[in-house]
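K.L.:
Starting off with a structure, shown below.
Computed from the coordinates by the stated procedures, all read-outs in this text should not be read as laboratory data. These numbers were taken from a predicted model, which means no experiment stands behind them. Positions of Cβ are generated from backbone atoms using ideal geometry, with glycine treated the same way; all protein chains shown enter the neighbour counts.
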Amino acid sequence: MIRVNVERIKDSEGETLLFREEVDLPCIDKEEISFAGPVNIEIELISSGKKIQAEGTIQAVIRRPCDRCLSPVEFLVEAPFKEIYFSTGTNQNNVMQDEWIPFKNEIIDIEPEVIKSLIMALPMKVLCEQNCRGLCPSCGQNLNIEKCGCSREIIDPRLAVLREFAKIKHGEKNLE
Ligand SMILES: [Zn+2]
Ligand SMILES: [Zn+2]
């Protein structure tokens, strides 16, 4: 839980609060993410009555397995943070928009949104190095460390389709 106390700015329009903290977060197993250090949070919260707009940046050094060889890779992620929190108080019947995040009393737990913004800022591909050789698909050997004895057939599925197509064209195979 990352607790932000908004007691001072809640219900007073135009008041702002700067939340700057380093927090330790547990690893996120589902996304295969762990943190190599504390997560840096810097968020400004602006009150407009019941609504509190939060905007800032989250910085973390994330550890994740390489997409090809699975060895751990560490890299810096800088994620934008932008959310609107909405004070429901004791009245649950307040009109609010879907993307607003409700909170009661004076404490907002921003942890779910911090994690969400980090996940959204992750690179599409994580590689230990540009030309990582990956693991052998037959025996699992890490090919960056050592070659294995397996024969190396091309297993790219797109190429396999092309090859089948070529066979049909040359009459080696009949169309069903
Ligand atoms: Zn790798
Ligand atoms: Zn092999």
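K.L.:
Grab the other residues whose beta carbon is less than 9 angstrom from that of ILE84, score K and R as +1, D and E as -1, and report the net.
P.N.:
So the environment of ILE84 carries a net charge of 0.
K.L.:
Which order do peptides 25-35, 43-53 fall in by mean Cβ count within 10 Å, highest first?
P.N.:
Descending packing order for the listed peptides: 43-53, 25-35.
K.L.:
For the range 36-52, take each phi angle, set θ = phi - 60°, evaluate the Karplus expression 6.51 cos²θ - 1.76 cosθ + 1.60, and give the result in whole Hz per residue in order, putting x for glycine and proline.
P.N.:
Values, residue by residue: 7, x, x, 8, 8, 10, 9, 10, 9, 10, 10, 8, 10, x, 6, 9, 10 Hz.
K.L.:
Could you work out how far apart the two model spin labels at GLU32 and CYS150 are, taking each label as a point 7 Å from the Cα in the direction of the beta carbon, and quote it in nm?
P.N.:
1.6 nm
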